[in-house]
Amino acid sequence: MKFLSLILGTTALWSVAAFAEAQTSIFDIPPDKAESTASIGIAGVSLDSYVGSEETDLLVLPYVNATYKGRFFLNPALGAGVYAINNDKLRLGAAANVAFGRDGKDTPFGGTSYEEAFDVSTGGSGKVFARANLPFAALDVVGTVPIGADHDGAKLDTLLTTLVKPTDRFTLTPGVRATFSTGDLLDTNYGIDSRQAAASGLAPLSNDDGLSSLGAHIAGYYELNEDYEIVGLVNHTWLMGDIKESPLSPKNTGLTVALGIARKF
């Protein structure tokens, strides 16, 4: 669990730094951040069933991006959470979200008599995160630990995202991402345990901790008027390391495309 230790250790360092600054009210929300806003709407999403799957899902989902007094939030990226620190230079907080599962029919073994052996149930996840606002970009570090269901292990995402405004109404946020995962987490989607091996006849397969994927993303927001905006997202992921050789990752990439409309409050 080297990366889980890294997540917890990094969080502890942030906490110590925050405590040292407590006398300057670092935990207070500045007036310019202490606002309550919400964008609520609906979005169409096309995404691979899991990164590396050859199957694609088309979904219609609610879209919510809301903040209450700069302290509490609900958004598609992190889920529902709270900011311990939220100022112009640093964000630090925790959140809870869904850890989506997988249907065995979406693996290369779909249609076989043993496809159910490759089902992964949906559970929850806990997150700790920090954002440092740099001169030309935002650096995010997000540690995630699955909770319950068939998920084990942990992962650490590092993201670098910038902001571009081609016009006053149009905002783009392109960025890149690297994900480090424990072997236990990788085994959830790309390993073959003893039960799956007995059902399929394949040799057992496990994974080591390490860099599991690289990604590039861009989100766009276009204000139709004061009340409505169009929201779009494109996210591409490339698997890295030994999981590219797994029989469960025939494609080695993943693509998510979303487009929606939201009412601003």
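The values are calculated or read from the model by the stated rules, or taken from the named source; none is laboratory data. Given the structure is predicted, the values throughout are model-derived calculations rather than measurements. All Cβ positions, glycine included, derive from the backbone under ideal geometry; neighbour counts span all protein chains shown. Ligands, DNA and RNA are excluded from the accessible area calculation, which covers all protein heavy atoms including side chains. Shrake-Rupley method; radii C 1.70, N 1.55, O 1.52, S 1.80 Å.
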What number of residues within segment 185-211 satisfy the criterion of being surrounded by 14 or more Cβ atoms within 10 Å (Cβ to Cβ) and either farther than 23 Å from A117 by Cβ or touching a residue at least 60 places away in the same chain (Cβ under 8 Å) (or both)? 8
Residues that are without any contact (Cβ under 8 Å) to a residue 60 or more places away in the chain, out of contact with any Lys or Arg (no Cβ under 9 Å at 6 or more places or on another chain) and acidic (D, E): does segment 220-228 have at least one? no
Filter segment 211-233 down to residues that are closer than 19 Å to Y190 by Cβ and not aliphatic (A, V, I, L, M), then give me how many there are. 3
Search segment 234-257 for residues that are under 18 Å from G191 (Cβ atoms) and pair each with any residue that is among the polar types (S, T, N, Q) and surrounded by fewer than 18 Cβ atoms within 10 Å (Cβ to Cβ) when their beta-carbon atoms are under 6 Å apart and the residues are at least 6 apart or on different chains. L239/N252; K244/N252
(1) open to solvent by less than 40 Å² (accessible area, probe 1.4 Å); (2) aliphatic (A, V, I, L, M); (3) under 19 Å from G93 (Cα atoms): which one isn't true of A178, the others all being true? (3)
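Yes/no per residue for (1) charged (D, E, K, R); (2) closer than 30 Å to S212 by Cα; (3) surrounded by 15 or more Cβ atoms within 10 Å (Cβ to Cβ):
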residue	(1), (2), (3)
A34	no, no, no
A43	no, yes, yes
L47	no, yes, yes
L59	no, yes, no
P62	no, yes, no
A66	no, no, yes
G81	no, yes, yes
I85	no, yes, yes
By residue number, the members of segment 175-214 that are farther than 24 Å from D103 by Cα and touching a Ser or Thr at 6+ places or on another chain (Cβ under 6 Å) are G175, A178, D209
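Pick from P204, P146: which is in contact with a strand residue (DSSP E or B) (Cβ under 8 Å, 6 or more places away or on another chain) and within 28 Å of I42 (Cα to Cα)? Don't jump to the end; show me each part of the working.
Values: P204 fails: within 28 Å of I42 (Cα to Cα).
That would be P146, the only listed residue that is in contact with a strand residue (DSSP E or B) (Cβ under 8 Å, 6 or more places away or on another chain) and within 28 Å of I42 (Cα to Cα).
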Among the residues of segment 70-109, which ones are of a type in the set (S, T, N, Q) and either more than 19 Å from A34 (Cβ to Cβ) or without any contact (Cβ under 8 Å) to a residue 12 or more places away in the chain (or both)? N75, N97, T107
Filtered residues of segment 102-130 (kept if within 14 Å of the chain's Cα centre (by Cα) and of a type outside the set (A, V, I, L, M)): G124, S125, G126, K127, F129
If a residue has to be part of a strand (DSSP E or B), open to solvent by 60 Å² or more (accessible area, probe 1.4 Å) and over 21 Å from G175 (Cβ atoms) to count, how many in segment 231-265 make the cut? 2
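At least 2 residues that are within 21 Å of the chain's Cα centre (by Cα) and farther than 21 Å from M240 by Cα in each: list the strands (runs of 3 or more DSSP E) lying fully within segment 137-220 that qualify.
Filter on segment 137-220 gives 138-147, 170-181.
From A43, A38, A95, grab the single residue that is in a strand (DSSP E or B), closer than 22 Å to G143 by Cα and among the small types (G, A, S).
A95
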Here is a list of conditions, (1) without any contact (Cβ under 8 Å) to a residue 60 or more places away in the chain; (2) closer than 21 Å to V51 by Cα, and T182 meets all of them except one; can you say which number that is? (1)
Any residue at all in segment 219-227 that's of a type outside the set (D, E), more than 24 Å from L61 (Cα to Cα) and in contact with a strand residue (DSSP E or B) (Cβ under 6 Å, 6 or more places away or on another chain)? no
